[in-house]
Amino acid sequence: MNAPANAYRDAQQRALEDPEGFWGEQAAALHWERRWDKVLDASRAPWYRWFSGGRINTCYNALDRHLEQGRAQQTALIYDSPVTGVTARLSYRELYERVARFAGALAARGVGAGDCVVIYMPMVPEAVVAMLACARIGAVHSVVFGGFAPHELAKRIDDARPVMIVSASCGIEGQRIIPYKPLLDEALRLASHRVERCIVLQRPQCAATLISGRDLDWADAVAAATPAPCASVAATDPLYILYTSGTTGKPKGVVRDHGGHAVALAWSMRAVYDMRPGDVFWAASDVGWVVGHSYIVYAPLLAGCTSILYEGKPVGTPDAGAFWRVIAEHRVNALFTAPTAFRAIKKEDPQGALLARYDLASLRTLFLAGERCDPDTVLWAESKLRVPVIDHWWQTETGWPVAANCRGLTPSPVKPGSASLPVPGYDVQVLDESGQAVAAGKIGNIVIRLPLPPGTLTTLWQNDAGYRESYLARYPGYYLTGDAGYIDDEGYVWIMSRIDDVINVAGHRLSTGGMEEVLAGHPDVAECAVIGVADPLKGQLPLGLVVLKSGVARPQEKVLQELIERVREHIGAVAAFRHVAIVPRLPKTRSGKVLRATMRAIADSQPYNTPATIDDPLTLEEIAAALRGLGYAVAAGAGTAR
Ligand code: COA
Ligand code: AMP
């Protein structure tokens, strides 16, 4: 670390006071086909645009540029798959060749600039190839996480309206093979939007049945293809859509642009992660999530690093030493994962005995994000790995960290439980309900003053009104993060909870509102509520409380089983929806608002106040009794008014 001592403060001040100068300088690190007219175009505020008038190709910057700069032989991607026993290394040249060829295959099927391509794939190199190939020809990819069920995939197909879907015959979850093709076929049956073409990667573990006239084997498509050159793309054009959970069951299509995204991500690799070209970066996430988009695919490649694509779990593939093996084998310099992965490892190997088998000398830093990180996990990881453990905070919407300990600028002391300081470019503030800034240490709604820095969402896919309503309307001039927390007197940001119906299950962002819609669709359900309750491994788990219609005579056990299956079938296994109780009624205020926060406190065995506005205090005792029945350790006396 040779950075001057005040590099963080300097960068933060400059990025806020002179954003055009600051980001214009960072942009110079990339190849521009045409230089921008304006770094920050505020002419249509609050629809800010970065690098307007510029033309850039993200794929060119992630691959071709490195060939020209002598990195052709360097490994770009290491595919490490304990579930198949395969490890493969792709150099920048090899990855470039595969991407250019697949881009040619897409172009040959009429996919062009601005067309959307949905990618529904497991963690295989072809998923990365497909994403970069879209970027190469200016098509807009929308990757859907493999753990989502056909209904969720169908919703995304209907919203994104792709001209093509790229998928694979199966994913592999631990020992289990999950055939993807039947899920894709079902999604296409459910969707109203018609997709004319699918390209399917046949994996040796499972052969998919292809539908003649619609489906094409990946191998055939590529064999016949001519490599495609990079298209000229406006910096402000969309690079991808990534759907994320909001308050309702309708996912929000976050849109990312080309220019601002490339600039911010390349800069973040140096400033936040302290990575240099040639370093090995491992984001143990999934390409279906934002962490995978940003830090498995785009940022490491834009920065000339080696990125690891890991098809496995932290435990069980084959044991809790899996992460240490990958670090040792590939000389990983920085690991980025969700706290839940470390909680899983700690649970299986509390003493960290498996660490002794591996040489972890290459590891410089562990980064954690995706959910609130409990201080115990930070301290355990620190004591076992003996490297700085950096909790940092961001969202699908922002695409890169909002608060972090910027390791490449000026590292600051770690405070376990805090995501550290605002990253340069983000003006993070905490407001109360009336829009007033709150004092240091006081909890409120966390907002970011507009404009957001480059790389953040530009809007929601074909839904400017939804973007405004979800993020900008609450506090004019600010972006509403949806998180509550505080900033302490040293400027550290502490993220405490969500202010909406979003929950975080094993680092996966899910909507309880979406689950409620699924439960409410069951013919026996009169009304229901889903809340996120604390879980020592996954951070949070969903818990359903349902009121049955009067006169339902079917065995309750059967109904409960159907409800669990229904969520799995409609949302996916990833929801981990296993706990549901039948209650006589839901606790409500006199105006009919369901008291979710009070129920959550009961389930979490926390003290709570019976709200003065409650319709009938007895309903809380009924909830407490139902939760005890499910095995929850509801505190004695809970349910009684305090
Ligand atoms: N395709 C199909 N199914 C998937 C899937 C995928 N890509 N990803 C998860 N699932 C399924 C799992 O098989 C599991 O199914 P099951 O209920 O039949 O067992 C279910 O979805 C839940 O999966 P998961 O959340 O991974 O839980 P787990 O119990 O299998 O493993 C952890 C627990 C903690 C090891 C795991 O959640 C983990 O590694 N978390 C890290 C999270 C992460 O990287 N988040 C990204 C943000 S940085
Ligand atoms: P996602 O969009 O899936 O990345 O989820 C974003 C949400 O996860 C944030 O809005 C937070 O609620 C939560 N989150 C992410 N990182 C952190 C963190 N470091 N600390 C606390 N919460 C976090």
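Read-outs: derived from the displayed coordinates by stated rules, not from any lab. Everything numeric in this text was worked out from a predicted model, so none of it was measured. Neighbour counts run over all protein chains shown; Cβ positions are idealised from the backbone, glycine included.
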### Task
Name the cysteines of the chain that stand alone by the Cβ rule: no other cysteine Cβ under 4.7 angstrom.
CYS59, CYS116, CYS134, CYS198, CYS230, CYS305, CYS373, CYS406, CYS528
### Sequence-distant residues sharing a close amide H with VAL423 (under 5 Å, placed H)
ALA403, ALA404
### Task
Consider a paramagnetic label point 7 Å from the Cα of ARG89 along Cα→Cβ; state which residues of segment 300-327 have an amide N under 16 Å from it.
305-309, 326-327
### Proximal aspartates and glutamates relative to LYS593, as straight alpha-carbon distance under 18 Å, when same-chain residues fewer than 8 apart are discounted
ASP500, ASP501, GLU516, GLU517, GLU527, ASP615, ASP616, GLU621, GLU622
## Note on the structure
Computed over the chain: longest principal axis from alpha-carbon atoms vs helix 7-17 long axis, angle to nearest 10 degrees, is 80
### Summary
Going through LYS442/LYS538; LYS346/LYS415; LYS347/LYS415 one by one, the pairs whose alpha carbons sit over 25 Å apart turn out to be LYS442/LYS538
### Query
Which ³J(HN,Hα) values in Hz, rounded to whole numbers, follow from the phi angles of segment 546-551 under the Karplus curve 6.51 cos²θ - 1.76 cosθ + 1.60, where θ = phi - 60° and Gly and Pro get x?
10, 10, 7, 5, 5, x
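Between ARG176 and ALA635, what length comes free when the chain is fully extended (0.36 nm per residue of separation minus the Cα-Cα distance, one decimal in nm)?
On the way: separation 459, 0.36 × 459 = 165.24 nm, distance 3.87 nm.
Taking ARG176 through ALA635 to full extension adds about 161.4 nm, to one decimal.
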### Query
Among ALA341, ALA284, PRO229, whose Cα sits farthest toward the positive end of the charge dipole of segment 219-360 (+1 at Cβ of Lys/Arg, -1 at Cβ of Asp/Glu, about the Cα centre)?
ALA341
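Suppose R0 equals 22 Å; then what is the FRET efficiency for ALA42 and GLU469 from their Cβ-Cβ distance, rounded to the nearest 0.05? Show your work: numbers first, answer last.
Values: r = 21 Å, r/R0 = 0.95.
About 0.55, to the nearest 0.05.
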### Task
Please list, in chain and number order, the residues 5+ apart from VAL166 or on another chain whose amide H is under 5 Å from its amide H, with Hs placed from the backbone.
VAL118, ILE119, TYR120, ILE199
### Task
Could you name the lysines whose alpha carbon sits less than 27 Å from that of LYS181, not counting residues in the same chain fewer than 8 places away?
LYS155, LYS250, LYS252, LYS313
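Please rank SER285, SER268, SER470, fewest neighbouring Cβ atoms within 10 Å first, as an exposure proxy.
Working: SER285 23, SER268 28, SER470 19.
Ordered by Cβ neighbours within 10 Å, fewest first: SER470, SER285, SER268.
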#### Entry: Listed residues ALA625, SER591, GLY521: farthest to the positive end of the dipole of segment 506-640 (Cβ charges)
SER591
### Message
What are the ³J(HN,Hα) couplings of segment 561-567, residue after residue, when phi is run through the Karplus curve with 6.51, -1.76, 1.60 and θ = phi - 60°? Round to Hz, x for glycine and proline.
### Response
4, 5, 5, 5, 5, 5, 5
## Note on the structure
Phi-derived 3J(HN,Hα) across segment 95-111 with the Karplus relation (6.51, -1.76, 1.60, θ = phi - 60°), rounded Hz, x for Gly and Pro, is 5, 4, 5, 5, 5, 4, 5, 5, 4, x, 5, 5, 4, 5, 9, x, 6
#### Entry: Helix-only [θ]222 nm of the chain, DSSP H runs n ≥ 4, -39500 (n - 2.57) each, per residue, nearest 500
-8000 deg cm²/dmol
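By per-residue mean of other Cβ atoms within 10 Å, what is the highest-first order of 140-152, 16-28?
Working: 140-152: 23.1, 16-28: 16.9.
Ranked by mean Cβ neighbours within 10 Å, highest first: 140-152, 16-28.
Applying 1/(1 + (r/R0)^6) with R0 = 30 Å to the Cβ-Cβ distance of ALA356 and ALA573, what FRET efficiency is obtained, to the nearest 0.05? Provide the component values of the computation, followed by the final result.
Numbers: r = 34 Å, r/R0 = 1.14.
My answer for the efficiency is 0.30.
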### Query
Nearest 20 debye, what's the magnitude of the dipole of the chain about its Cα centre given +1 on Lys and Arg Cβ and -1 on Asp and Glu Cβ?
400
### Task
Could you list ASP217, ASP286, ASP41 in order of exposure, starting from the residue whose Cβ has the fewest other Cβ atoms within 10 Å?
ASP217, ASP41, ASP286
